[in-house]
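The values are calculated or read from the model by the stated rules, or taken from the named source; none is laboratory data. Every value quoted in this text rests on a predicted model; they were computed, and no experiment measured them. Glycine also receives a Cβ, built like all others from the backbone with ideal geometry; neighbour counts cover every protein chain displayed.
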Amino acid sequence: MELAASAAAALQHLARPLERGGRPARTISAVELTAWAHQQGLSPREAHLAALRAGILPEGYERNFPSLSVGDQLRLLESAVLVAGLGGLGGCQAMLLARLGVGRLLLADGDVFAPSNLNRQLFATSATLGQPKAAVTAAALAEIHAALITVPVAAFLSRENLPALVSQVEVVLDALDTFPARWELAQAAARGHRPLVHGAVWGGFGQVTTLLPPDVEQFGRLLPPPGAPMEAPGAVAPVVTLIASLQVQEAVRLLLRRPPVYRGRLAHFDGDTGQLEILPL
């Protein structure tokens, strides 16, 4: 998208200086950017992209700076992530990705919200019980980030639909709740040459690791043998939120083409002791 010289000049005129942490930048208020976009006939997404490409931070990204530069924000807005599962982990992941400015989210879950979800799932409320998780999550995120594209996928993930979904994104986040589904996701990510950031919560314990395509066989070390009896351990909201946050931070590193910190390592959190350990795989 190329702007006319007059439109680009008007955008630059509206920008104001910003300095944080000793680093300078330029920013534009949400009100002024919206008015400018309306004058130019641009969508909110097109306006955000135009501002970032001109070296200007839209106001909604100001507090990300300087941890995330203008170039970082542009890269995130142009990126896409698959959030596989929209329960406790996935709902939190989706919200964090939207607030960070990741521009396209595929939100996959075939389930509906139930009363048992209220203890930890961000978008489970008395008003959303019985409604599809994918549609509810997409609608909620649209209220957070006007430039975001959400793609609700109201289906359970399988060997049949995963390849097409994985091919549309740069990073896959594992927020599933069964071992067979997680294994299918890991294999699909590897076949599609996409990194996968795995996260899981068992009661007061949680774990995170990152699998690049050559690493998929390592995932088998984290799974029980086929047919092993499993008892649902539950999951508490503080641990769910922590693990989802660690996964999103890792996803951002990958999107910005920085080295992942959890590849070949397992971040393990013990809620009873408060210890977060990094264990080699």
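Quick notes on this one:
- E62 being in contact with a strand residue (DSSP E or B) (Cβ under 9 Å, 6 or more places away or on another chain) and over 20 Å from L246 (Cα atoms): yes
- Residue within region 159-168 that is hydroxyl-bearing (S, T, Y) and more than 28 Å from L118 (Cα to Cα) present: yes
- If you check A181, A164 for being surrounded by fewer than 16 Cβ atoms within 10 Å (Cβ to Cβ), assigned to a helix (DSSP H, G or I) and in the same structural domain as P233 (by TED's automatic domain parsing), only one passes: A164.
- Reported count of residues in region 65-78, each being farther than 21 Å from A8 by Cα, in contact with a Gly (Cβ under 7 Å, 6 or more places away or on another chain) and not in a helix (DSSP H, G or I), is 1.
- A80 meets all of the listed conditions (1) in contact with a Lys or Arg (Cβ under 7 Å, 6 or more places away or on another chain); (2) more than 22 Å from R182 (Cα to Cα) but one, namely (2).
- One residue stands out among those in region 79-128 that are more than 15 Å from the chain's Cα centre (by Cα) and not in a loop (DSSP other than H, G, I, E, B): the one that is farthest from R257 (Cα to Cα), which is P115.
- Looking across A37, A10, A47, one residue alone is among the hydrophobic types (A, V, I, L, M, F, W, C), surrounded by fewer than 19 Cβ atoms within 10 Å (Cβ to Cβ) and in a helix (DSSP H, G or I). It is A10.
- Within region 50-64, being surrounded by fewer than 20 Cβ atoms within 10 Å (Cβ to Cβ) and either assigned to a helix (DSSP H, G or I) or within 22 Å of the chain's Cα centre (by Cα) (or both) holds for R53, E59, G60, E62, R63, N64.
- Flag if Q168 is over 17 Å from the mean Cα position of the chain (by Cα) and either closer than 30 Å to A35 by Cα or not charged (D, E, K, R) (or both): no
- In region 191-206, residue farthest from F269 (Cα to Cα) [restricted to those that are surrounded by fewer than 19 Cβ atoms within 10 Å (Cβ to Cβ) and in contact (Cβ under 8 Å) with a residue 40 or more places away in the chain]: G203
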